[in-house]
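Let me begin by handing over the structure; questions about it come next.
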Amino acid sequence: MFSCLSPGALGLTLDHTDAVDLASSLGFGGVDPDPSYFSSLPSRQAVVEHGDAVREKGLRWGIAGLPIGLDAPAEEFRQALAQLPDALDLLTAAGVSAVGTWIRPMHEDRDHRENWRLHVGRLALVAELLADSGLRLGLEYIGPKTFWSTERFPFIHGIREARELIAETGAGNVGLILDSYHWYTAGESAEDLAGLTDADVVSVDINDARDDRERDEQMDLDRRLPFATGVIDLDGFMGAVRDAGYTGPVKVEPFMKELAEQPIAQVLTDIRERTDRAIGAV
């Protein structure tokens, strides 16, 4: 495992080159890629050289966002699917090895069975294109009841169904994005992570929850820094991740706007120390 700087997940706005430099100077093991920055470079070769420069700083890539919505309207999905190979080419040029997205855990009109069929079919298509580019796909389930209960038909919001969905696609390059917040709000324990392997996990996010709310009252975008409250059993969560033999990125994802009001080096040093503690590097 390695600590990964993900400015967006922290609620920070950083130029990509600044994020790379800060990740290197403050002791992170990696940094999230920025496809928009790759697109701004003058050539594919320039993207290759940028990826080489990042690795020369001792950094590894985290995951990029999948530029296609799995539950998007049909025409929008078709257009995004047609554009996907070009986007993936820039990622592979930079040396990125994985992308990720989340499963919307409810729908107002589409019932569970219909939504399941839609996701299986679309995931199979997307996974095939990613496999052609040598890329993995991480899927994140969303746990808070305050979110998945807001529309008529709840959908996948726990690890069991997420794994069943992945298995049904038959794709060997699709795995999980494990997030301690969603794991906690889904009412899961370390036992639910037992049996996972490195091949099953694409990325890991860590955070804590508010200590003045019950589990089913927690809001998706109102989180706390890892180890801040102790509501989430991060030791148990990360122990299960270690038992899986996981080797990929671990990032902090609290979406806290107040972090942007503090000195950047101070914030990121604290984030790196919390991540190292979770990984077991300190």
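Derivation of every value follows stated rules applied to the coordinates shown; laboratory data play no part. Keep in mind that this is a model prediction, so the values were computed, not measured. Don't worry about glycine lacking a Cβ; one is built from the backbone with ideal geometry, like all the others, and counts go over all protein chains shown.
Calculate for the chain the 222 nm mean residue ellipticity that helices alone would give, adding -39,500 (n - 2.57) per DSSP H run of length 4 or more and normalising by residue count, nearest 500 deg cm²/dmol.
Calculated at 222 nm, the ellipticity per residue is -13000 deg cm²/dmol.
Something else: Could you tell me which of rounded, prolate or oblate describes segment 172-282, using a ≥ b ≥ c as the square roots of the eigenvalues of the alpha-carbon gyration tensor, with rounded for a/c under 1.5 and, failing that, prolate when a/b is larger than b/c and oblate otherwise?
It comes out oblate by the Cα gyration axes.
Take the alpha carbon atoms of segment 29-60, find their center, do the same for segment 196-219, and report the distance between the two centers in whole angstrom.
A separation of 29 Å, based on Cα centres.
Next up: On a straight-distance basis, which aspartates and glutamates could pair with Lys57 in a cross-link, Cα separation under 15 angstrom, same-chain partners fewer than 8 positions away excluded?
Asp18, Asp21, Asp32, Glu49
Give, in nm to one decimal, the length gained when the segment between Arg242 and Ala74 is fully stretched (0.36 nm per residue of separation minus the Cα-Cα distance).
Result for the pair: 56.5 nm of gain on full extension.
On to the next question. Cα centroids of segment 229-256 and segment 66-128: how far apart, whole angstrom?
When both Cα centres are located, 26 Å separates them.
Express in nm, to one decimal, how much length is gained between Arg152 and Leu81 on full extension, taking 0.36 nm for each residue of separation and deducting their alpha carbon distance.
This chain segment gains 22.8 nm when fully extended.
Quick one: longest stretch of the chain between exposed loop GluC sites (Glu not before Pro), exposed meaning at most 15 other C-beta atoms within 10 Å and loop per DSSP?
It runs 1-107.
Can you classify the chain as rounded, prolate or oblate using the Cα gyration tensor, where a ≥ b ≥ c are the square roots of its eigenvalues, rounded means a/c under 1.5, and otherwise it's prolate if a/b beats b/c and oblate if not?
oblate
Right, here's the next one. Mind checking which aspartates and glutamates have their Cα closer than 13 Å to the Cα of Lys257? Skip sequence neighbours fewer than 8 apart in that chain.
In chain and number order, the partners are Asp222.
Which aspartates and glutamates have a Cα less than 12 Å from the Cα of Lys145, not counting those fewer than 8 places away in the same chain?
Counting by Cα, and skipping residues close in sequence, Lys145 has these aspartates and glutamates nearby: Glu214, Asp216, Glu217, Asp220.
Testing the spin-label approximation: label points 7 Å from Cα along Cα→Cβ at Thr197 and Glu56. State their distance in nm.
Reported label-point gap for Thr197 and Glu56 is 3.7 nm.
So which helices of the chain fit the span-like rule, where a helix is a whole DSSP H run, its Cα atoms reach 15 Å or more along the axis, and its mean Kyte-Doolittle is at least -1.0?
44-56, 74-94, 112-132, 159-169, 264-279
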